[in-house]
1. Within region 157-185, which residues are at pLDDT below 80, touching a Lys or Arg at 6+ places or on another chain (Cβ under 8 Å) and surrounded by 17 or more Cβ atoms within 10 Å (Cβ to Cβ)?
2. Identify, please: which residue in region 114-145 is closer than 15 Å to Ala177 by Cα and among the basic types (Lys, Arg) and is, among those, surrounded by the most Cβ atoms within 10 Å (Cβ to Cβ)?
3. Among what's in region 75-104 and is among the aromatic types (Phe, Trp, Tyr) and assigned to a helix (DSSP H, G or I), pick the residue that is modelled with the highest pLDDT.
4. Would you check which residues across region 117-155 are at pLDDT below 80 and either touching an Asp or Glu at 6+ places or on another chain (Cβ under 7 Å) or of a type in the set (Lys, Arg) (or both) and list them?
5. Among (1) surrounded by fewer than 13 Cβ atoms within 10 Å (Cβ to Cβ); (2) without any contact (Cβ under 8 Å) to a residue 24 or more places away in the chain, there is one condition Gln103 misses while meeting the rest; what is its number?
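The values are calculated or read from the model by the stated rules, or taken from the named source; none is laboratory data. The shown structure was predicted, so the numbers you read here are calculated from the model rather than taken from an experiment. Ideal geometry is used to build each Cβ from the backbone, glycine not excepted, and the neighbour counts take in all protein chains shown.
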Amino acid sequence: MRIRLNLATKAQETHRRFMVVAGLVAAIAGIIFLALGWHVYSIRNVDARLRAQSEITSRRIAELQAERADLERFFAQPENAKLHDRAAFLNSLIDGRSFNWTQMFMDLERILPGGVKLVSIEPKQAKGHVEVKLTVGASSDDAKLKFLRALEDSRQFTDIQLDTDMPARNGTQRVVALTAIYSRS
């Protein structure tokens, strides 16, 4: 028969619990390390793609700027500048001819209240729209105000500026001159 007898001054301790916890901590640390490593790897890949796209975009911008400089040099040549001026003149003539004056007069007739007469009209094409200088005669201040309100409320006439407002003399009509931008929308 064998008897186990421990004669040591300190009994032998098992470190099994410590080893299990240390192993578990090491495994978790290894998983976290791998996850962070994968995250850094994917960020570096995305950054490399972004730098490559940025380089391509920079090269494309440089090409387009060079092409623009070439075109500006081409159009700055005297014979091309003359051609551009002539084209602009012809386009302004075409715009003037293609404008529907009848429609503008119909719109004016619709908003013109009683007691107001159209004395003169000076239409002018300017920057893609028609600037109209109107001179109207109003029989009274009330008729003048009705006309101005109707003009402001219309969608066709915008940016109305009152140029002159001459009071009536000896029973004549009150003369009002104004400028408006006409656009048929």
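1. Gln173, Arg174
2. That would be Lys144.
3. Of everything passing the filter in region 75-104, Phe75 is modelled with the highest pLDDT.
4. Matches in region 117-155: Lys124, Gln125, Lys127.
5. If we test Gln103 against (1) surrounded by fewer than 13 Cβ atoms within 10 Å (Cβ to Cβ); (2) without any contact (Cβ under 8 Å) to a residue 24 or more places away in the chain, just (2) comes out false.
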